[in-house]
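Okay, so here's the structure we're looking at.
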Amino acid sequence: MYTNIQRWENSQVIRLPEVMLDKLGIFENDEVEIVSEDDQIIIKKIKEKKFLTLEERFKDYKGDYDPTSFKWDDPVGSEKI
């Protein structure tokens, strides 16, 4: 199959035929992974989304965090009870 790269607002897009997506089981709003290898672009359906643990999310975090340093302002307007 041949197609053209087209402009869509500030991006460029490739339109994929519905029959091809149906064959691969890819539907609207599915997450996919896009990989470039040599002169190819490979689109892979994400079969199982991996949810990161809190430890995995912050494993490379090097900053300091002090949750007690945050000060809430006094209530104003309709926030007052």
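The values are calculated or read from the model by the stated rules, or taken from the named source; none is laboratory data. Every value quoted in this text rests on a predicted model; they were computed, and no experiment measured them. For neighbour counting, all protein chains shown are included, and Cβ atoms are generated from backbone atoms with ideal geometry for every residue, glycine included. Surface areas here come from the heavy atoms of the whole protein model, side chains and all, with no ligands, DNA or RNA. Shrake-Rupley method; radii C 1.70, N 1.55, O 1.52, S 1.80 Å.
Applying the criterion of being within 14 Å of the chain's Cα centre (by Cα), open to solvent by 90 Å² or more (accessible area, probe 1.4 Å) and of a type in the set (Lys, Arg) to the residues of segment 45-62, the residue that is modelled with the lowest pLDDT is Lys49.
If you go through segment 16-32 and keep only what is in contact with a strand residue (DSSP E or B) (Cβ under 7 Å, 6 or more places away or on another chain) and surrounded by 10 or more Cβ atoms within 10 Å (Cβ to Cβ), you end up with Leu24, Ile26, Asp30, Val32. I'm trying to understand the selection: among the residues of segment 45-64, which are aliphatic (A, V, I, L, M), part of a loop (DSSP other than H, G, I, E, B) and more than 24 Å from Phe27 (Cβ to Cβ)? Result: Leu52, single match.
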